[in-house]
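Structure first, commentary second.
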Amino acid sequence: MSNIPYAMTIDGQRVFATEVATAINPATETPICDYPLGTRKQLDAAVESSHRAFLGWRVTDLRERQQMVSKLGDVIEHNYEAFIRLLITEQGKGRAAAEWEIGGSIHWLREIAKQSLQEEVVEDKDGNRIITRYTPIGVIGAITPWNFPLLLAVWKIAPALVAGNTMVVKPSPYTPLCTLWFGELAQSVLPPGVLNVVSGGNELGQWMTEHPDIGKIAFTGSTDTGKKVMQSASINLKRVTLELGGNDPAIVLPDVDPKKIAKDLFWASFANSSQFCVACKRLYIHEDVYDDVARELVAYAKTVKVGNGIDVGVELGPLQNKMQYEKVCNLLQDCKDRGLKFLLGGEVSHGTPGYFIPVTLIDNPPEDSRCVVEEAFGPVLPLLKYRDIDEVVARANATIYGLAASVWGQDTVKAEKIAQRIEAGTVWINQIHTFAPNIAFGGHKQSGVGIENSLHGLAEYANTQTMMRKALA
């Protein structure tokens with residue numbers, strides 16, 4: 001097992017498996033190392049250990065739980081540089097983006113650790129007392145994605161543990177390494193069984209969603225997979241939090257300064273090589289400024305360095321895996337087949353290693369084009385021209401998704417009125433990708449169920465209990 005540096009963590013112990021898979025560096029297409037593929041028996045062992053640990057963890061003083069969750073942030077901070085390099089290697093993002101994710105993981109653990117759910121006193125008079133309080137659910141199963149593998153695991157781990165639950169975490173088979181390592185390091189802080197990390201393929205996710213002793217599934221991923229998670233979890237009425245896909249619109253009003261706004265619009269769309277559920281995926285630009293905004297976007301895009309994230313100065317890396325790379329290549333071919341006009345990019349170099357897709361801007365394609373209707377999850381952005389507000393709001397809302405959106409304009413009062421009409425869980429005005437542990441995040445329509453972050457998100461990891469007491473005469 002010496003060629004497998006990363007182990008699963010079950011009941012506080014390093015655990016390997018007979019079968020392994022290989023983690024691939026997406027920038028070079030070369031192997032990083034093998035990692036274990038957990039069996040159903042090992043999942044059962046993880047759930048059993050988590051259930052045993054729950055009996056003690058749930059009655060551990062809240063302040064003690066909070067202190068331990070905060071110390072998990074210290075564990076990452078003490079290994080900050082190593083986590084950054086490992087994240088770049090397995091996920092492909094550039095240095096600045098990796099710092100954002102690792103720094104964010106530390107921040108979330110420390111800030112969520114300060115949160116608590118206070119009981120509500122409904123009535124307290126004449127010997128009668130009615131309160132509503134929060135109780136932990138039990139064993140939480142977390143299934144995390146490959147675009148922000150550690151941060152989005154932390155978004156689930158921190159509130160679940162603070163609320164008094166224990167966990168089994170399944171990282172994406174494309175990016176398991178940071179989460180496996182974090183699971184091992186966490187054992188220096190947590191009692192055995194409180195946090196288990198089990199790696200594996202899609203079948204492991206299904207076993208988790210069907211498992212009778214897991215009380216809730218917290219999932220981040222595609223809408224199609226989220227539907228399967230919900231269907232599977234319905235067998236025993238598991239609680240679910242589903243953070244799913246999006247086809248997020250951005251609306252640019254005619255009063256903007258195209259040169260000043262170009263950088264923000266670029267990163268709104270292409271951060272993390274557009275492997276971002278809340279990336280701007282449809283950029284609606286008023287016809288009065290369309291040409292100027294398009295020109296400035298192209299000019300700024302040409303200044304952004306694309307390459308292996310480990311190299312100095314690289315801002316955008318490859319797509320994370322071959323599956324996603326082939327999907328985006330297919331989407332670009334469809335654009336060509338339909339005769340769409342590329343303002344930039346569109347040509348993939350297949351002769352060099354790495355899952356690299358060039359930054360691609362498409363000039364005002366028809367609204368029914370695949371590049372408009374589908375969530376690309378890659379650096380392909382349609383620029384869409386509009387004339388009036390009612391029209392663009394209707395077009396922005398004409399989707400099954402409702403994750404996030406943004407509105408850009410000098411007149412913030414007007415921008416806010418437009419934002420109020422957008423059917424999305426988060427709407428930013430003259431900013432984007434602003435998240436915080438105290439800001440609720442969740443999708444409308446088919447972009448998800450439930451909330452992450454804030455006290456609303458913390459409450460997702462608890463049952464509500466009403467307790468009524470009456471004094472005997």
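What follows draws every value from the coordinates through simple rules; no lab data is involved. Keep in mind that this is a model prediction, so the values were computed, not measured. Methodologically, a virtual Cβ is constructed for each residue, glycine included, from the backbone with ideal geometry; neighbour enumeration extends over all protein chains shown.
Quick notes on this structure:
- Simple spin-label estimate for Asp337 and Thr135 gives 5.6 nm between the two label positions (7 Å along the Cα-to-Cβ direction from each Cα).
- Contact order relative to length of the range 364-459, as percent, for alpha carbon pairs under 8 angstrom and 6 or more apart: 21
- Principal-axis tilt of helix 151-162 within the chain, Cα atoms, nearest 10 degrees: 30
- Counted by neighbouring Cβ atoms within 10 Å, the residues Phe16, Phe356 run from fewest to most as Phe16, Phe356.
- On a per residue basis, the convex hull of the C-alpha atoms belonging to the range 213-307 measures out at 122 Å³.
- Contact order, relative form, for the chain: 19 percent (alpha carbon pairs under 8 Å, 6 or more residues apart, mean separation divided by residue count).
- Between Asp224 and Asp363, the modelled labels are 3.2 nm apart [label points 7 Å from Cα along Cα→Cβ].
- Under 14 Å from Lys414, Cα to Cα: aspartates and glutamates that are on another chain or at least 8 residues apart: Asp255, Asp388, Asp390
- Crossing angle, helix 290-301 versus the chain [Cα axis fit, 0-90 degrees, rounded to tens]: 70
- Taking every DSSP beta bridge that has both ends in the range 248-436, the antiparallel portion is near 10%.
- Spin-label model distance (nm) - Ser234 vs Glu326, 7 Å beyond Cα toward Cβ: 3.1
- One Cα centroid belongs to the range 272-292, the other to the range 83-103; the line between them spans 25 Å.
- Degrees, to the nearest 10: 80-91 long Cα axis against longest axis of the chain: 60
- Mean shadow area of the range 152-232 over all directions, Cα convex hull, nm²: 5.4
- Sequence of Ile357, Ile4 once ranked by neighbouring C-beta atoms within 10 Å, starting from the fewest: Ile4, Ile357
- Cross-link partners of Lys238 among lysines, defined as those whose alpha carbon lies under 28 angstrom from its own and excluding same-chain residues fewer than eight positions apart: Lys41, Lys114, Lys156, Lys170, Lys216, Lys227, Lys228, Lys445.
- Taking 0.36 nm per residue of sequence separation and removing the Cα-Cα distance, the Lys263/Glu123 pair yields an extension gain of 45.0 nm.
- Kirkwood hydrodynamic radius computed over the range 248-436 comes to 16.7 Å, based on all pairs of distinct alpha carbons.
- Scalar couplings 3J(HN,Hα) for the range 393-410, obtained by applying the Karplus form with A = 6.51, B = -1.76, C = 1.60 to θ = phi - 60°, are 5, 4, 5, 4, 8, 7, 7, 6, 8, x, 7, 8, 7, 8, 10, 10, x, 5 Hz; x denotes Gly and Pro.
- Listed options for Cα extents along the principal axes in Å are [x] 76, 64, 39; [y] 75, 67, 45; [z] 88, 46, 46. The value calculated from this structure is the one marked [x].
- DSSP-defined antiparallel bridges as percent of all bridges, the chain, nearest 5: 45
- Percentage of interatomic Cα-Cα distances in the range 387-435 larger than 12 Å: 61
- In summary, the aspartates and glutamates within cross-link reach of Lys336, defined as a Cα separation below 18 angstrom excluding same-chain residues under 8 places away, comprise Glu326, Glu347, Asp363, Glu367, Asp368, Glu374, Glu375.
- Difference of contour (0.36 nm per residue) and Cα-Cα distance, Leu455 to Ala394: 18.7 nm
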